[in-house]
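The values are calculated or read from the model by the stated rules, or taken from the named source; none is laboratory data. Just so we're clear, the structure is a prediction, and the values are computed from it rather than from any experiment. Don't worry about glycine lacking a Cβ; one is built from the backbone with ideal geometry, like all the others, and counts go over all protein chains shown. Heads up: the accessible areas ignore ligands, DNA and RNA and are worked out on the full protein's heavy atoms, side chains in. Shrake-Rupley method; radii C 1.70, N 1.55, O 1.52, S 1.80 Å.
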Amino acid sequence: SHDVHDKPWMPSSQRTKRKRQTKTAKYMLELIEREQVAKANARFKIPDFKAGDILEVKTIVPENMRKVAAYKGICIARRNRGMGSSFIIRNVIEDSAFELHFPTYSPLIQNIKILEKGKAKRKKLYHLREWPDKYSKV
């Protein structure tokens, strides 16, 4: 077997073996994504919410002359993937349930307000889809 300590110490700038390009490209993409998340956070502060919380999300609807629409519901899932982060809210209005998927850092979201903190013990509340509508009603 090869012993690591048989060669004298050498500064990394003089080494012949370098990191593969895929590793450095992945690191660069990660840095760019962090910058984009920081820029999106500077636009407005995203509250610290989790599944089970009751949220009110105000968004701009581009199809409706850029009017602001407010959606209220229980957050049933949150996905944290940098700029790909998203969350789902669920509500029941007049016996019809609806779920809305929102990208967390979307420029169309004006603000997210936590109306009530939930007591959920799970990160994903997909089981509310099978439960009676009274558990999803806000």
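List the number of the failed condition for A51; all other conditions in (1) without any contact (Cβ under 8 Å) to a residue 60 or more places away in the chain; (2) within 15 Å of the chain's Cα centre (by Cα) hold.
(1)
I need the full set of residues from the range 105-120 which are part of a loop (DSSP other than H, G, I, E, B), under 16 Å from K45 (Cα atoms) and in contact (Cβ under 8 Å) with a residue 60 or more places away in the chain, in order please.
Listed by number, the residues that qualify are Y105, P107.
Would you please list the contacts, defined by Cβ atoms under 8 Å and residues six or more apart or on different chains, that run from a residue in the range 13-37 that is within 20 Å of P103 (Cα to Cα) to a residue that is assigned to a loop (DSSP other than H, G, I, E, B) and modelled with pLDDT of 75 or more?
Q36/Y105; V37/Y105
If I filter the range 17-39 for residues that are in a loop (DSSP other than H, G, I, E, B), within 30 Å of R122 (Cβ to Cβ), open to solvent by 90 Å² or more (accessible area, probe 1.4 Å) and basic (K, R), do I get at least one hit?
No, every residue in the range 17-39 fails to be in a loop (DSSP other than H, G, I, E, B), within 30 Å of R122 (Cβ to Cβ), open to solvent by 90 Å² or more (accessible area, probe 1.4 Å) and basic (K, R).
Just checking, which of I60, I46, I89 is under 30 Å from D133 (Cβ atoms), among the β-branched types (V, I, T), assigned to a loop (DSSP other than H, G, I, E, B) and open to solvent by less than 100 Å² (accessible area, probe 1.4 Å)?
None of the others qualify; the one that does is I46.
Among the residues of the range 79-94, is there at least one that is of a type in the set (D, E, K, R), in contact with a Ser or Thr (Cβ under 8 Å, 6 or more places away or on another chain) and at pLDDT 95 or above?
Yes, the conditions are met somewhere in the range 79-94.
Within the range 61-87, which residues are in contact with a strand residue (DSSP E or B) (Cβ under 6 Å, 6 or more places away or on another chain) and farther than 20 Å from R122 by Cα?
Answer for the range 61-87, where residues must be in contact with a strand residue (DSSP E or B) (Cβ under 6 Å, 6 or more places away or on another chain) and farther than 20 Å from R122 by Cα: V61, R66, K67, V68, A69, A70, Y71, K72.
Read through the list (1) more than 27 Å from W131 (Cβ to Cβ); (2) in contact with a Lys or Arg (Cβ under 7 Å, 6 or more places away or on another chain), then give the number of the only condition that I74 fails.
So the condition that I74 fails would be (1).
Can you tell me which residue within the range 67-86, out of those that are of a type in the set (G, A, S) and outside any loop (DSSP other than H, G, I, E, B), is most open to solvent (accessible area, probe 1.4 Å)?
Per the criteria, the residue is A70.
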